[in-house]
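Presented below is the structure to which this report refers.
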Amino acid sequence: MSVVGVVMNGVTGRMGYRQHLLRSVLAINGDGGVRLSGGRRVMLRPVLVGRDAGKVGELAGRHGIEEHTTDLGAALEDERNLVYFDAQVTSARAAAVHQAIAAGKHVYVEKPVAGTLDDALALARAATTAGVRNGVVQDKLFLPGVLKLRRLADAGFFGRVLSVRGEFGYWVFEGDWQSAQRPSWNYRAADGGGIVLDMFPHWHYVLENLFGRVEAVTARAVTHVGERVDERGEPYKADADDAAYGIFELAGGVVAQINSSWAVRVHRDELVEFQVDGTHGSAVAGLHTCRFQHRAATPRPVWDPEEPTRVRFRDQWQEVPDNTVFPNGFRAQWELFLRHVLEDAPFPHDFAAGARGVQLAELGLLSSAEGRRVPVPRLDLPAPDGEG
């Protein structure tokens, strides 16, 4: 059985550790490695890289990982290491990925692929010039609820799609009387924080893959909570946007409205929900579930403010059955990328796709700053299915 070295930078963070190291790379090895098309399996040899030798060493020891270092260059020089993965803070990503590309490694990164569109385009062009395989995490496409939503769309259930409405968010504690659930850098603009850069790339690939190309954006980004307390208990000014309210115009006339907030209390079934309305039916998808209502089963509500509503509208929707076992979405995409590297299997979630997500974030911030609708031009980069 062959073994492939995977340099993993930034896995001491929550997402890098739980989803990418523990539930993806180590889980793949626990099941006997990546299965290729001919039945052959390939094991992964993680090489952990981090800035703090103590943290990365403790993490490696906890899981019996032999190789760990604070020297990224040394890890990249090792010819046994075929893939570089980056889950660092956004502001540190571009420089490290350029270093990996220069070393001839195939590169797979968390989103956003970079902190600015210029940096994202430079990475996409560098990877293409170097001839290395490249990919960006687009995990929400692999959520069970979104996969069920895609099932409905592929079956023609909606007829002509009219609109998409999304709600995402939860209350992130300020850090004083309860500790925050997210690192403090998320709320500092100088460190690459902000919900627009964090979430608009997600909304871009969900909309693009399920409903059509984003052609224009109108957004309002705000900072609702202006002071927070960091991990050391020190107050700091939170000057990055913690909420964004966006309207996205899609090809074919579909209009999407998505609210994103770290300053909202949850009154919905899941932390993210998308409602899709079409001429023939509607559906509401979350992380795990998806409910639908066909036009033949649509009730006929009548507005009457004088009488209390006695109809339980949610009871009138059906649930899309599982019909399959849904794997961890991060792991599923890891396996797709590794097959892309090892046997040229298709992988549409490349740096060009990642750059389009960063572009939408930048244009959303521009729309907010200037108070206007902003068209989204096509990027001059190779992309799946010939899109730019």
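The values are calculated or read from the model by the stated rules, or taken from the named source; none is laboratory data. All figures in this text were calculated on a predicted structure; none of them were measured in a lab. As a convention, Cβ positions derive from the backbone with ideal geometry for all residues, glycine included, and neighbour counts pool all protein chains shown.
Can you tell me which residues in the range 210-227 are under 25 Å from the mean Cα position of the chain (by Cα) and farther than 30 Å from Gly252 by Cα?
Residues satisfying the conditions are Thr223, His224, Val225.
Is it the case that some residue within the range 314-325 is touching a residue at least 12 places away in the same chain (Cβ under 8 Å), within 28 Å of the chain's Cα centre (by Cα) and closer than 26 Å to Ala87 by Cβ?
No - not one qualifying residue is present in the range 314-325.
Would you confirm whether or not the range 260-279 contains a residue that is within 17 Å of the chain's Cα centre (by Cα), assigned by TED's automatic domain parsing to the domain that holds Ala219 and either exposed (fewer than 15 other Cβ atoms within 10 Å of the Cβ) or β-branched (Val, Ile, Thr) (or both)?
yes
Mind listing whichever residues of the range 211-244 are touching a Gly at 6+ places or on another chain (Cβ under 9 Å) and loosely packed, with under 13 Cβ neighbours inside 10 Å?
Within the range 211-244, Glu231, Gly233, Pro235, Lys237 qualify.
Could you grab me the full set of residues in the range 1-15 that are under 18 Å from the mean Cα position of the chain (by Cα) and either surrounded by fewer than 22 Cβ atoms within 10 Å (Cβ to Cβ) or not assigned by TED's automatic domain parsing to the domain that holds Tyr84 (or both)?
Those that are under 18 Å from the mean Cα position of the chain (by Cα) and either surrounded by fewer than 22 Cβ atoms within 10 Å (Cβ to Cβ) or not assigned by TED's automatic domain parsing to the domain that holds Tyr84 (or both): Gly13, Arg14, Met15.
Identify, from the list Val206, Val214, the residue that is of a type in the set (A, V, I, L, M), in contact with a Lys or Arg (Cβ under 6 Å, 6 or more places away or on another chain), in contact (Cβ under 8 Å) with a residue 60 or more places away in the chain and outside the structural domain of Val89 (by TED's automatic domain parsing).
When all the criteria are applied, what remains is Val206.
Under 6 Å between Cβ atoms, which residue pairs at least 6 apart in sequence (or on different chains) link something in the range 34-56 that is within 11 Å of Val6 (Cβ to Cβ) with a partner that is of a type in the set (D, E, K, R)?
As it stands, the answer is Val34/Glu335; Val47/Glu67, since those pairs meet every condition given.
Yes or no: the range 217-227 includes at least one residue that is small (Gly, Ala, Ser) and at positive phi. Before you say what the answer is, go through the steps one by one.
Step one: of the range 217-227, the residues small (Gly, Ala, Ser) are 219, 221, 226.
Next cut, at positive phi only: none.
No, the range 217-227 has no match at all.
Under 8 Å by Cβ, and 6 or more places apart or on different chains, what pairs join a residue from the range 84-105 that is closer than 20 Å to Phe330 by Cβ with one that is of a type in the set (D, E, K, R) and assigned to a helix (DSSP H, G or I)?
Cβ pairs passing all conditions: Asp86/Arg93; Val89/Asp191.
What tally of residues in the range 294-340 results from selecting those that are within 25 Å of Gly281 (Cβ to Cβ) and either touching a Cys at 6+ places or on another chain (Cβ under 9 Å) or not in a helix (DSSP H, G or I) (or both)?
Selection size over the range 294-340: 20.
Please verify whether the range 84-91 includes one or more residues that are in the same structural domain as His288 (by TED's automatic domain parsing), part of a helix (DSSP H, G or I) and closer than 30 Å to Phe326 by Cα.
Looking through the range 84-91, none of the residues is in the same structural domain as His288 (by TED's automatic domain parsing), part of a helix (DSSP H, G or I) and closer than 30 Å to Phe326 by Cα.
Please go through the range 12-35 and pick out each residue that is among the hydrophobic types (A, V, I, L, M, F, W, C) and at pLDDT 95 or above.
Leu21, Leu22, Val25, Leu26, Ala27, Ile28, Val34 - these are the residues of the range 12-35 that are among the hydrophobic types (A, V, I, L, M, F, W, C) and at pLDDT 95 or above.
Scan the range 209-227 and tell me whether some residue there is at pLDDT below 95, part of a loop (DSSP other than H, G, I, E, B) and among the polar types (S, T, N, Q). Please lay out each step first, then the result.
So the first thing to find is which residues in the range 209-227 are at pLDDT below 95, and the list is none.
Looking for residues that are at pLDDT below 95, part of a loop (DSSP other than H, G, I, E, B) and among the polar types (S, T, N, Q), one finds none in the range 209-227, hence no.
I'm checking my understanding of the structure. Among residues of the range 313-369 that are closer than 26 Å to Thr289 by Cβ and of a type in the set (Val, Ile, Thr), which one is surrounded by the most Cβ atoms within 10 Å (Cβ to Cβ)?
Taking the candidates together, the pick is Val320.
Does Gly39 qualify as being in a loop (DSSP other than H, G, I, E, B), at pLDDT below 95 and more than 28 Å from Thr128 (Cβ to Cβ)? Show your work before the answer.
Values: in a loop (DSSP other than H, G, I, E, B): yes; at pLDDT below 95: yes; more than 28 Å from Thr128 (Cβ to Cβ): yes.
When the stated conditions are applied, Gly39 passes them.
So which of Lys148, Lys140 ends up being over 22 Å from Leu197 (Cα atoms), at pLDDT 95 or above and either outside any loop (DSSP other than H, G, I, E, B) or of a type in the set (Gly, Ala, Ser) (or both)?
Lys148
Within the range 187-208, is there a residue that is at pLDDT 95 or above, assigned to a loop (DSSP other than H, G, I, E, B) and surrounded by fewer than 22 Cβ atoms within 10 Å (Cβ to Cβ)?
Within the range 187-208, one or more residues are at pLDDT 95 or above, assigned to a loop (DSSP other than H, G, I, E, B) and surrounded by fewer than 22 Cβ atoms within 10 Å (Cβ to Cβ).
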